[in-house]
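The values are calculated or read from the model by the stated rules, or taken from the named source; none is laboratory data. These figures come from a predicted structure and were not determined experimentally. All Cβ positions, glycine included, derive from the backbone under ideal geometry; neighbour counts span all protein chains shown.
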Amino acid sequence: MKALLAFAFLCSCTLKGTAQQENYDIASFIPPKSWKKQTAGNNIYYSHIDNKTQSWCMIGIYKSTASTGTVDADFNSEWELLIAKEYQVTAGPQKETPTQSRGWSFLSAGGKAIFNGTDMTVVLKVASGYNTCMSFVVKTNNVNQYLKTIEAFDNSITLKQPEASITNTPPATTANFKFASTNWDDQWITYARESWAEVVKGNLKVLVHYPNKNADAYHSVLRDGLINAWDILVAPRYSNIRNMEIKPIQSFESIAFCEADATEKATGKQVHVVLFKKHYSNGNGRYLEFITNGKAAYEQEFGVYHNDEFGWDKPASMQYRNKFAVAAGDLPGKWNASDYASLTYYYVSSGGFAGATATSISHEFTFMGNGSYQSDQTGASGVVGNQKFSRQVYKGKFTVNNWNMQLTNRFQGQTEKFDCYFEAVKGGRILIMTDKTGTVYSLVKALK
């Protein structure tokens with residue numbers, strides 16, 4: 001097992017021999033001689049069966065996809081999708097030390113799994129770079145018999161820089177944060193991407209789109225707003241859009257619903273797409289894009305469309321999966337939030353102006369790399385022109401453990417506990433802290 005894990009997919013190797021080189025996506029390689037080639041969707045496989053020894057081996061090359069921003073996050077995503085979801089894993093993954101070459105980072109790991117009732121060895125190698133991820137998988141029931149062939153194939157591989165990266169595609173926004181993914185108890189996994197949080201389970205995918213000024217713009221006609229959002233958030237990434245149905249539901253908390261069949265431009269895959277949004281009364285609704293293999297797959301997981309404002313809890317709740325754990329190393333710097341509310345009064349008899357009241361509160365948390373913090377909360381309230389002002393400053397130590405935070409030396413010297421998490425947004429993250437009274441602080445990191 002260790003010997004198999006030792007091989008590397010090197011970009012900088014020199015090709016040897018005169019065997020015919022093949023190209024696939026951004027990879028070039030020399031396939032094993034006389035092995036059977038198969039194409040499945042947008043992926044290719046080379047396989048060999050030895051009937052005398054009842055041994056077999058398969059090498060899979062998977063079309064490149066968008067990177068999450070780190071090789072470790074890419075690996076976790078690909079292992080879950082290509083290995084854990086397909087087979088019963090009995091051991092591993094045992095990760096090797098990541099390596100780098102020509103702008104690419106490589107991470108490999110091996111494990112054991114059950115295939116057709118028998119044991120097999122499986123190795124996943126992920127290449128991550130230029131905002132791109134590409135995976136290679138080896139599966140065999142006899143490592144020793146096929147090791148030399150596998151190594152020869154590995155040593156023949158080169159990767160080219162994707163064309164999209166040459167046009168300065170913006171990098172993923174997760175590089176400065178420890179946690180780029182969240183594993184949920186019900187097998188869904190959330191990944192932070194450049195323009196959305198991507199929630200995945202098997203062949204199901206939900207994009208929680210980040211706030212977008214143009215897509216979220218108010219429209220007095222719900223249908224017009226939905227079409228506008230589709231044109232901005234969805235349509236550019238698909239071709240051959242067909243069977244489109246636009247079915248919004250006007251209510252106290254309106255439902256935006258639009259669905260169609262389409263072809264993904266990035267993969268060529270035929271998919272069913274639903275754009276959904278529940279317009280919560282507090283204004284925090286998010287556009288959700290559901291991507292499945294077909295309409296039936298969507299309906300099996302999230303329910304059949306119904307022309308009623310109630311019964312949309314399951315699809316609507318997916319927006320709350322844009323959550324990521326917090327590490328102490330993510331926090332150093334200043335994080336700010338502010339709230340403002342006002343009331344204006346008029347005389348009933350004359351309609352003349354009778355004054356106004358307003359309340360404003362500002363919160364600033366400063367976290368230092370040595371584990372200390374300072375919070376500065378200021379407020380003003382009362383009749384405009386005669387408001388009363390307040391300020392409270394605390395200094396102490398902080399500790400954070402993924403989803404919980406403790407701050408010492410708060411009110412009357414007590415330690416205060418908070419629930420905490422990050423919400424991913426375009427260009428960074430929002431730190432959400434909730435105290436025991438239910439007060440929520442939505443904090444944005446101040447620019448240096």
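Observations
- Filtered residues of the range 169-190 (kept if modelled with pLDDT of 85 or more and part of a loop (DSSP other than H, G, I, E, B)): PHE177, LYS178, PHE179, ALA180, TRP184, ASP185, ASP186, GLN187, TRP188
- Subset of the range 38-80 that is part of a strand (DSSP E or B) and of a type in the set (A, V, I, L, M) - its residue that is surrounded by the fewest Cβ atoms within 10 Å (Cβ to Cβ): ALA40
- Each residue in the range 296-305 was checked for being surrounded by 13 or more Cβ atoms within 10 Å (Cβ to Cβ) and either farther than 12 Å from ALA260 by Cβ or acidic (Asp, Glu) (or both), and 6 of them qualify.
- Looking only at residues in the range 342-387 that are among the aromatic types (Phe, Trp, Tyr) and at pLDDT 65 or above, the one that is nearest to THR434 (Cα to Cα) is PHE365.
- Long-range neighbours under 9 Å by Cβ, at least six apart or interchain, first residue free of Cβ contacts under 8 Å to residues at least 60 places away in the same chain and over 16 Å from ALA256 (Cα atoms) within the range 266-295, second β-branched (Val, Ile, Thr) and in a strand (DSSP E or B): GLN270/THR263; VAL271/THR263; VAL271/ILE291; VAL271/THR292; HIS272/ILE291; HIS272/THR292; GLY294/VAL271; LYS295/VAL274
- Complete set of residues in the range 1-37 that are surrounded by 14 or more Cβ atoms within 10 Å (Cβ to Cβ) and at pLDDT 75 or above: GLU22, TYR24, ASP25, ILE26, ALA27, SER28, PHE29, ILE30, PRO31, PRO32, TRP35
- Consider the range 242-253 and keep the residues that are at pLDDT 95 or above and surrounded by 12 or more Cβ atoms within 10 Å (Cβ to Cβ). The one that is nearest to TYR287 (Cα to Cα) is PRO248.
- Test: residue in the range 276-284 that is at pLDDT 95 or above, within 22 Å of TYR191 (Cβ to Cβ) and touching a Gly at 6+ places or on another chain (Cβ under 9 Å): yes
- A single member of GLY285, GLY268 is assigned to a loop (DSSP other than H, G, I, E, B), of a type in the set (Gly, Ala, Ser) and crowded, with 17+ Cβ neighbours inside 10 Å, and it is GLY285.
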